[in-house]
Structure formats: C-alpha cells, structure tokens
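Notes to accompany the following structure.
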Amino acid sequence: GHLQTGEGMTTVVEDWEKIKYFKPKEFLCKCSMCKKDQGISFILVQILDRMRNDMGFPFKITSGFRCLQHPQSKEGKSSHARGFAVDIFCKDSIKRFNLLEYVMKRQIFKRIGIGMDFIHLDIDDSPDKGQRVMWTYY
C-alpha cells in the first residue's frame, strides 16, 4: 500500500500495549456468524489512537473489522472486510466538524463516509477503491 507508517508506528499486530485508548475487542467483527474475528489493520489502530489523543474526546468504534460472513462485507470487497476501515460513532455536530477538520488538515484518510450518527474512516488504497472521496449514507 501507499500508506506510510508514521514515526514510532509498528506493523506488529501484537503491540497492543502501545495503544493507549483502544482495546482489541473494540475492532472485532460484530456479526453473529463468526467467532468475533479480528483482522483490523494495526496501522489503522495506531492512527486512530494518535488521533484520539489529539482530539481529547472518546471514540466509540461502531464497526471495525467485518468477517466474510458479515452481511455488509460484500464478498470481501468492503474496506471493513479488508481491515482498513472503521466507523466512529458521532452524532454531535461540533465533534463531527472537529474530527473532519483534523482528518482533512492532515490528509490521513483518503476515503470518508458521513452517516447520521457515525463517520467512516478508511485507509484502503486497493486499485478498486476510489481515493480522495467522501460520501454520505443518507
């Protein structure tokens, strides 16, 4: 991928002790068909951890990794199924603005979805995925 790991970042999945604000279970698949599978990109977790630190308010992950049985996995084409996307609960208009401003200023995520009560953040740079795109779920 084209994503550069930042200073101090690691690609080793077992380094959860370096993560201050999140636990592995927050990113597990939430469908009822699998055994709570884990497949989240650790680079994504580290980006979110740093972002959470800078933002100063908690992030609730409403969707992280999705196994192939998950109804929204779309035959593995979903960025969630690839482990490159999260949905963060966000209903507050000020937090939504601040979160998007942070992301846009730093050009961290090139794929962003805006829902009524969540923001989809995505580092999937697969050739079949558009880059520098923002969509809504309305």
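The values are calculated or read from the model by the stated rules, or taken from the named source; none is laboratory data. The structure presented is a predicted model; accordingly, all values stated were derived computationally and were not measured. As a convention, Cβ positions derive from the backbone with ideal geometry for all residues, glycine included, and neighbour counts pool all protein chains shown. For the accessible areas, the whole protein counts, side chains as well, though only heavy atoms, and no ligand, DNA or RNA atoms are used. Shrake-Rupley method; radii C 1.70, N 1.55, O 1.52, S 1.80 Å.
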**Q.** Residues of the stretch 57-108 satisfying the condition of being within 19 Å of residue 30 (Cβ to Cβ) and among the aliphatic types (A, V, I, L, M)
**A.** 61, 68, 81, 85, 86, 88
(Q) With the condition being buried (at least 16 other Cβ atoms within 10 Å of the Cβ), I'd like the strands (runs of 3 or more DSSP E) fully within the stretch 64-138 carrying at least 2 qualifying residues. (A) 85-89, 111-114, 118-122
Q. Can you tell me which residues in the stretch 20-36 are over 15 Å from residue 79 (Cβ atoms) and surrounded by 19 or more Cβ atoms within 10 Å (Cβ to Cβ)?
A. 22, 28
Q. Under the condition of being within 13 Å of the chain's Cα centre (by Cα) and acidic (Asp, Glu), which residue from the stretch 79-124 is nearest to residue 55 (Cα to Cα)?
A. 87
(Q) Restricting to the stretch 52-63, name every residue that is loosely packed, with under 10 Cβ neighbours inside 10 Å and small (Gly, Ala, Ser). (A) 56
Q: Scan the stretch 39-63 residue by residue and report those that are hydrophobic (A, V, I, L, M, F, W, C), assigned to a loop (DSSP other than H, G, I, E, B) and either without any contact (Cβ under 8 Å) to a residue 12 or more places away in the chain or touching a strand residue (DSSP E or B) at 6+ places or on another chain (Cβ under 8 Å) (or both).
A: 40, 59
Q) Can residue 43 be described as open to solvent by 20 Å² or more (accessible area, probe 1.4 Å) and among the aliphatic types (A, V, I, L, M)? A) yes
